[in-house]
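Presented below is the structure to which this report refers.
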Amino acid sequence: MIDTIFFDIGNTLRVVVRDREFSEAAEAELMRLAGTSEEHDVFFAKLKANWDRYRKAAKGGALEASEMELWSQHLLPDYPTEHICAVAGRLTRLWRDHDGRRVARRDVKPTLEELARRGYTMGIIANTITETEIPDWMVEDGVAHYFKTVILSSKVRLRKPDPAIYDLACRAIGKPPENCAYIGDNPIRDVEGTRAAGWAMMVRIDEPDTIKNEPQEITSRADHTIAEISELLGIFPPLANRRGGVHGKGL
C-alpha cells in the first residue's frame, strides 16, 4: 500500500516565470561577484559552453558536483580558485536566477496540506546544482513541515535516474520501495529512475517547458499523467479509507 510520496521540484512543484528585469539583475550581480572583466556576452557565452559540457558529463555519469567543484572546476576554472570557492553558493543561485523567477504552482500548498491530512508521509528527491535554494523555498513558502526527507543531488552527489538516489531516499524516510510513489515531470529520467528503483507508482505532471527544453522520445509511460498538482488528490485517497493494495492505475 502506498503511504509515502516523494516529489521532484523543478517543473513539478515549481515553475520558471520569465522576468527580464529580474534576470538582468542576476546576471549583473553574477559578473560583479565573479570579479570578471569580460564583456557580458563573452562571459555568458563561455559560461553557457562550460555549463553544457558539465551537464552532459553529469548526466552521463549520473553524478552531481558540489557547488564549489561546479564553479572552480567546471564553470569558471580560469578564475582564482579561492575566490570562486568562497562565493560558489551565491554564484549558483544567481546562475539559476538568470533564467527567471522560480515560483510554486498555485495549487501546491493546499495539495500538500490535504495529502498530509490524509496521512501520507512526504519527501523530496531533486536533481539540483544548488544546496540552499530548495530549503530556502520550503521555509519561505511555509511548506517545510510537510517533508520528512529532502534528498538533493548536489548534496548526495547522485542524480536521477540512478536508482541509488531512490534507495537512499527510502532508507532516509524509513519506507520500502513498494510503499513509495514519485511525482515528477521528466518523461525519461523521472519515469525510468522510479521504475528501476522498484517503486510502486510514478505520476508525471505534463509540463510543456520540460519537453521544450529537453526534447525526448517517451518510451516508458507513467502510471498517471496529470496537468495540475491538485489532481493527485484523485489518485491518493485518505489512508484510513484504504483496504490494502495499490489502487488502480491509469494513463
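For ALA34, the test of being modelled with pLDDT of 95 or more, outside the structural domain of ILE188 (by TED's automatic domain parsing) and out of contact with any Ser or Thr (no Cβ under 6 Å at 6 or more places or on another chain) is passed.
Entry remark, the range 138-158: residues being in contact with a Lys or Arg (Cβ under 7 Å, 6 or more places away or on another chain) and in contact (Cβ under 8 Å) with a residue 60 or more places away in the chain number 1 in total. Scanning the range 23-35 for any residue that is without any contact (Cβ under 8 Å) to a residue 40 or more places away in the chain and either within 30 Å of PRO163 (Cβ to Cβ) or buried (at least 19 other Cβ atoms within 10 Å of the Cβ) (or both) turns up nothing. Within the set ALA126, ALA144, ALA86, the sole residue that is surrounded by fewer than 20 Cβ atoms within 10 Å (Cβ to Cβ) and under 21 Å from ALA169 (Cβ atoms) turns out to be ALA144. Looking across the range 180-195, the residues that are of a type in the set (A, V, I, L, M, F, W, C), modelled with pLDDT of 95 or more and more than 13 Å from the chain's Cα centre (by Cα) come down to CYS180, ALA181. The listed residues are LEU239, LEU233, and the only one of them that is touching a Ser or Thr at 6+ places or on another chain (Cβ under 7 Å), over 24 Å from LYS59 (Cα atoms) and touching a residue at least 12 places away in the same chain (Cβ under 8 Å) turns out to be LEU233. Taking (1) within 29 Å of ASP141 (Cα to Cα); (2) in contact (Cβ under 8 Å) with a residue 40 or more places away in the chain; (3) not small (Gly, Ala, Ser) in turn, TRP71 satisfies each apart from (2). Where helices (runs of 4 or more DSSP H) fall entirely within the range 142-231, those with at least 3 residues that are closer than 23 Å to ALA65 by Cα are at 153-156, 163-173, 189-196.
For the range 1-14, the set of residues classified as surrounded by fewer than 18 Cβ atoms within 10 Å (Cβ to Cβ) and at pLDDT 95 or above consists of ASP3 only.
Residues of the range 171-197 that are in contact with a Cys (Cβ under 9 Å, 6 or more places away or on another chain) and touching a residue at least 12 places away in the same chain (Cβ under 8 Å): ILE173, PRO177, ASN179, CYS180, THR194, ALA197.
Among the residues of the range 1-35, those identified as of a type in the set (A, V, I, L, M) and over 15 Å from LYS109 (Cα atoms) are MET1, ILE2, VAL16, VAL17, ALA25, ALA26, ALA28, LEU30, MET31, LEU33, ALA34.
The values are calculated or read from the model by the stated rules, or taken from the named source; none is laboratory data. The structure presented is a predicted model; accordingly, all values stated were derived computationally and were not measured. Backbone-built Cβ (ideal geometry, glycine too); neighbour counts: all protein chains shown.
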